[in-house]
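See structure below.
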Amino acid sequence: MERLEVKGLNHSFGFFRVLEDINFTLEKGKVISIVGPSGGGKTTLLHLCAGLLDLTEGEIVNTFKSSAFAFQEPRLLPWKSVLDNIALGLIAKGVSKKEAEIKATNIALEFGLELKDLEKFPKDLSGGMRQRVSFARALVVEPSLLFLDEPFSALDIGLKKELQNHLIDYIAHHNLTILFITHDIMEAIRLSDKILLLKSDPGEIVKRITIDTPQIERTDKEVFDRMIELLKDQDIINTFELEIK
Amino acid sequence: MKFILKILKDFPWFLWSGWGAVASIFLFIALWDVGYQLYGELVLPSPKATFGAVADFFSDEAIVSDMILTITRAMIGFVAALIFGSVLGLLAGFFATASIMSRPIVTILVGMPPIAWVVLAMIWFGMGDTSVIFTVVIASFPIVFVGAMQGTRTIEGELKEMVDSFGLSLWQKFTNLYFPHIFSYIFPAWVSGLGMSWKIVVMAELLSSSDGIGAALAVARSQLDTTVALALVVVMIGSLLFLEYIVLEPIKKEVEAWRD
Ligand SMILES: Nc1ncnc2c1ncn2[C@@H]1O[C@H](COP(=O)(O)OP(=O)(O)OP(=O)(O)O)[C@@H](O)[C@H]1O
Ligand SMILES: [Mg+2]
């Protein structure tokens with residue numbers, strides 16, 4: 001069984017401790033969300049798991065066959081059209097140019113981009129469109145493990161919900177595994193099997209929340225109820241420094 | 001191939017958009033004519049006489065061969081500067097130590113007045129081709145070198161991380177990331193290097209050669225033939241304008257379409 005296992009992970013930038021004693025296991029077909037305040041080390045943790053940063057203390061075992069990463073910033077190649085940007089990962093996998101273009105076009109349309117956008121350069125896209133392109137580029141390679149760093153942060157609620165539904169579909173039908181970062185607790189409740197609450201200074205997991213209903217069966221009501229319940233949770237209040245009225 | 005087709009397709013539109021430039025050139029010529037009427041033939045020959053002299057050049061074998069010689073020298077010098085500058089600039093860009101070490105040398109090269117190079121070249125190589133070409137190379141080299149080095153050094157770490165995360169092969173990284181980025185810096189540097197070559201070649205010829213347009217300019221000066229002198233200048237500027245605006249600009253527009 002493919003899995004990602006993080007054991008006793010610590011990380012510092014210079015003398016500044018960013019992550020402390022992180023432990024979790026992500027199994028095939030599951031979604032784990034990491035929520036926490038800004039600057040808490042979420043991106044750092046994701047980069048470590050994806051092997052983009054060198055591990056200094058602790059252990060990471062990653063047996064997934066393939067993975068893809070959607071960064072917090074879109075990181076598109078400015079000299080390539082939207083279509084070529086989305087197709088980048090497919091080309092790297094050795095898919096023929098023609099097939100790559102078909103797949104890229106399909107996913108772009110699915111993600112609410114229009115045909116006329118596909119020829120544009122990134123400079124001519126809105127922030128939210130760039131984010132969708134970046135997300136499409138990661139998903140189109142059909143990775144076994146997907147790393148997502150706040151992929152929906154620049155989208156309006158309608159579009160956000162639509163893409164979340166796409167993702168839920170993918171999880172159900174392609175047995176996709178995701179390590180997901182978000183600021184949005186509601187989004188985490190909607191998408192994940194397990195939520196890790198990461199406090200800052202230093203980044204430590206202070207709470208693990210498990211959600212048993214499969215994503216595809218979760219109703220809005222259930223999500224809202226869970227959300228209200230969590231907002232009353234003392235750990236959440238402390239971590240996000242929420243003010244209660 | 002698709003690129004070339006697109007350049008050709010957009011070309012008429014590009015010409016059409018050049019009316020503003022044409023108008024300003026005509027305004028300039030009008031002012032020139034006013035100057036002629038105020039100061040007379042000896043100081044400033046009329047545009048008509050000058051362009052007449054330019055037309056006469058093309059039936060004058062001696063001048064035509066001078067033009068060809070000058071343009072050949074400029075091109076040889078420019079191509080040499082392009083090759084050396086690009087290759088060394090890329091190397092300097094890829095190695096941090098090399099780029100730190102080359103910075104003061106480049107500053108010296110850029111800061112050195114070209115006229116000083118002409119004098120040195122005359123001492124080292126005597127009068128003739130070598131001196132002229134040497135001066136052209138040494139004057140345009142730093143421009144190309146800096147462009148290539150900047151291009152290599154400014155590739156974003158974030159984009160490198162992104163292509164790494166998608167597992168691109170070395171060659172794919174080169175064609176998708178390194179080449180387009182570096183090219184966007186190096187191409188404008190080539191264009192400025194070319195302009196520099198064009199200017200320097202005349203100056204070098206004027207002082208260190210007995211043939212070419214620069215030398216013809218020296219003769220015109222000694223004979224106080226202002227009309228021919230101006231006509232020679234017009235030829236040089238005209239050919240540079242042609243090269244920059246009619247040949248290179250459309251290419252540049254296409255290559256840099258992705259920029260803001
Ligand atoms: N390369 C680096 N060098 C030094 N410090 C860094 C580096 N990258 C991140 N940090 C620091 O580590 C801390 C955690 O950063 P990180 O990007 O992981 O936060 P985050 O939880 O993703 O925040 P956000 O939600 O705002 O994206 C921050 O204080 C940041 O300043
Ligand atoms: Mg982050």
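The values are calculated or read from the model by the stated rules, or taken from the named source; none is laboratory data. Here the structure is a predicted model, which is why all the values come from computation and not from measurement. Note that we place each Cβ from the backbone using ideal geometry, even for glycine, and neighbour counts take in every protein chain shown.
Tell me, please, whether a residue that is out of contact with any Lys or Arg (no Cβ under 9 Å at 6 or more places or on another chain), within 13 Å of another protein chain (Cβ to nearest Cβ), assigned to a helix (DSSP H, G or I) and farther than 21 Å from A:ASN165 by Cβ can be found in segment A:75-84. Yes.
So is A:SER33 within 23 Å of B:MET162 (Cβ to Cβ) and modelled with pLDDT under 95 or not? So A:SER33 fails the test.
Being more than 16 Å from ligand 2 (Cβ to nearest atom), within 14 Å of another protein chain (Cβ to nearest Cβ) and either surrounded by fewer than 16 Cβ atoms within 10 Å (Cβ to Cβ) or not aromatic (Phe, Trp, Tyr) (or both) holds for only one residue in A:ARG137, A:ARG208, and it is A:ARG137. For B:ALA81, the test of being at pLDDT 95 or above, touching a helix residue (DSSP H, G or I) at 6+ places or on another chain (Cβ under 8 Å) and crowded, with 21+ Cβ neighbours inside 10 Å is passed.
Run down A:SER192, A:SER200 and say which single residue is away from ligand 2 (no atom under 16 Å from the Cβ), small (Gly, Ala, Ser) and in contact (Cβ under 8 Å) with a residue 40 or more places away in the chain.
That would be A:SER192, the only listed residue that is away from ligand 2 (no atom under 16 Å from the Cβ), small (Gly, Ala, Ser) and in contact (Cβ under 8 Å) with a residue 40 or more places away in the chain.
Going residue by residue through segment A:49-57, is there one that turns out to be small (Gly, Ala, Ser), within 14 Å of another protein chain (Cβ to nearest Cβ), buried (at least 19 other Cβ atoms within 10 Å of the Cβ) and in a helix (DSSP H, G or I)? No. Scanning segment A:58-74 for residues that are away from ligand 1 (no atom under 16 Å from the Cβ) and facing chain B (nearest Cβ under 9 Å) gives A:SER66, A:SER67, A:ALA68.
Counting residues in segment A:9-29 that are touching a strand residue (DSSP E or B) at 6+ places or on another chain (Cβ under 7 Å), in a loop (DSSP other than H, G, I, E, B) and more than 16 Å from ligand 1 (Cβ to nearest atom) gives one or more. Only residues that are part of a loop (DSSP other than H, G, I, E, B) and over 29 Å from A:LYS123 (Cβ atoms): list them for segment A:58-74, please. Result: A:THR63, A:PHE64, A:LYS65, A:SER66. Only one of the listed residues (A:GLU150, A:GLU162) is surrounded by fewer than 21 Cβ atoms within 10 Å (Cβ to Cβ) and in contact with a strand residue (DSSP E or B) (Cβ under 6 Å, 6 or more places away or on another chain). That residue is A:GLU150.
Among the candidates A:ASP235, A:ASP201, the residue that is surrounded by fewer than 15 Cβ atoms within 10 Å (Cβ to Cβ), more than 20 Å from the chain's Cα centre (by Cα) and closer than 16 Å to A:LEU45 by Cα is uniquely A:ASP201. Any residue that is part of a helix (DSSP H, G or I), more than 14 Å from chain A (Cβ to nearest Cβ) and loosely packed, with under 14 Cβ neighbours inside 10 Å - is there at least one of those in segment B:117-129? Looking through segment B:117-129, at least one residue is part of a helix (DSSP H, G or I), more than 14 Å from chain A (Cβ to nearest Cβ) and loosely packed, with under 14 Cβ neighbours inside 10 Å. Determine whether A:GLY112 is over 20 Å from B:SER165 (Cα atoms), of a type in the set (Gly, Ala, Ser) and in a loop (DSSP other than H, G, I, E, B). When the stated conditions are applied, A:GLY112 passes them.
Kindly indicate whether A:LYS116 is surrounded by fewer than 21 Cβ atoms within 10 Å (Cβ to Cβ), among the basic types (Lys, Arg) and either over 30 Å from A:LEU242 (Cα atoms) or out of contact with any Lys or Arg (no Cβ under 8 Å at 6 or more places or on another chain) (or both). Judged against the criteria, A:LYS116 is a match.
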